[in-house]
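The values are calculated or read from the model by the stated rules, or taken from the named source; none is laboratory data. Please read all numbers here as calculations on a predicted model, not as lab measurements. When we count neighbours, we look across all protein chains shown, and the Cβ atoms used for this are built from the backbone with ideal geometry, even at glycine.
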Amino acid sequence: MAVLLANLVCFSICVGITLTGLVRASDPDILFDYILPPNMTVADGNFFTYTKIRGFFDGIDLTKSMQASLAEFPALNGQSVSLSVLRLAPGGVSAPHSRPHATGLFFVLEGRVEVGFVDTTNKLYTQSLQTGDMFIFPKGLVHYQYNADSKNPATAVAAFGSASAATVSIPASLFGGNVDDVVLAKTFKTDVATIRKIKSGLQGKAAGIRRFH
């Protein structure tokens with residue numbers, strides 16, 4: 001845990017330096033120190049504090065993530081930053097997804113994480129990260145994270161140059177939405193039965209995963 005906390009401090013310093021450039025290319029600047037929600041007139045220290053990540057690092061058997069963005073942490077409004085914490089169980093994967101609003105700066109707190117993203121020419125960039133390594137995911141590009149270790153969990157933090165770094169999950173968008181089975185079958189050059197089997201498998205997996213918001 002001491003190593004984990006030391007890495008988190010190091011990450012915070014790096015983010016403070018790096019996001020200086022990133023945020024200027026994302027959310028618009030504000031003309032005030034901070035923005036209060038419509039139902040608030042006075043702020044205190046509690047407004048600028050986010051405590052919901054407490055206990056997140058307990059346990060190793062779950063792949064889970066938790067985000068502190070504008071939706072969860074109103075004090076981020078106008079500040080052009082947000083954060084996501086990722087815990088990958090042994091063999092766990094964060095399925096391909098994209099963040100259309102923000103560049104991501106990914107920092108490994110413990111363990112090893114295989115990462116990759118695909119650019120607009122369909123070229124794949126991959127890397128095997130160790131504790132203390134950082135990797136950048138360009139804004140809007142599809143990317144993933146995978147813990148290839150079969151025994152030990154991995155933990156990482158990602159900082160974003162937007163207060164609303166929304167996630168678009170590729171599997172959920174394609175197979176969990178209302179895209180017609182025939183369209184998907186033709187797209188992936190398979191049959192409708194296979195598409196429905198994939199959808200069924202994803203629904204079953206989703207039912208057994210603990211959700212974090």
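Observations
- Members of the stretch 75-97 found to be surrounded by fewer than 20 Cβ atoms within 10 Å (Cβ to Cβ), in a loop (DSSP other than H, G, I, E, B) and of a type outside the set (S, T, N, Q), listed by number: Gly78, Ala89, Pro90, Gly91
- Scanning the stretch 100-115 for residues that are touching a Leu at 6+ places or on another chain (Cβ under 9 Å) and not hydroxyl-bearing (Ser, Thr, Tyr) yields Ala102, Leu105, Phe106, Phe107, Val108, Leu109, Glu110, Gly111, Arg112, Val113, Glu114, Val115.
- Scanning the stretch 103-125 for residues that are among the polar types (S, T, N, Q) and loosely packed, with under 12 Cβ neighbours inside 10 Å, we see that the one that is farthest from the chain's Cα centre (by Cα) is Thr121.
- The stretch 97-128: number of residues that are without any contact (Cβ under 8 Å) to a residue 24 or more places away in the chain and small (Gly, Ala, Ser): 1
- Here the condition is being more than 18 Å from the chain's Cα centre (by Cα), at pLDDT 90 or above and hydrophobic (A, V, I, L, M, F, W, C); of Ile170, Ile195, it holds for Ile195 alone.
- Subset of the stretch 94-141 [at pLDDT below 95 and in contact with an Asp or Glu (Cβ under 9 Å, 6 or more places away or on another chain)]: His101, Ala102
- Total residues in the stretch 55-74, condition within 17 Å of Gln145 (Cβ to Cβ) and either assigned to a strand (DSSP E or B) or touching a Pro at 6+ places or on another chain (Cβ under 6 Å) (or both): 5
- Selection status of Leu70, closer than 25 Å to Ala163 by Cβ and touching a Cys at 6+ places or on another chain (Cβ under 9 Å): no
- Any hit, the stretch 58-65, residues being among the charged types (D, E, K, R), modelled with pLDDT of 95 or more and surrounded by fewer than 15 Cβ atoms within 10 Å (Cβ to Cβ): no
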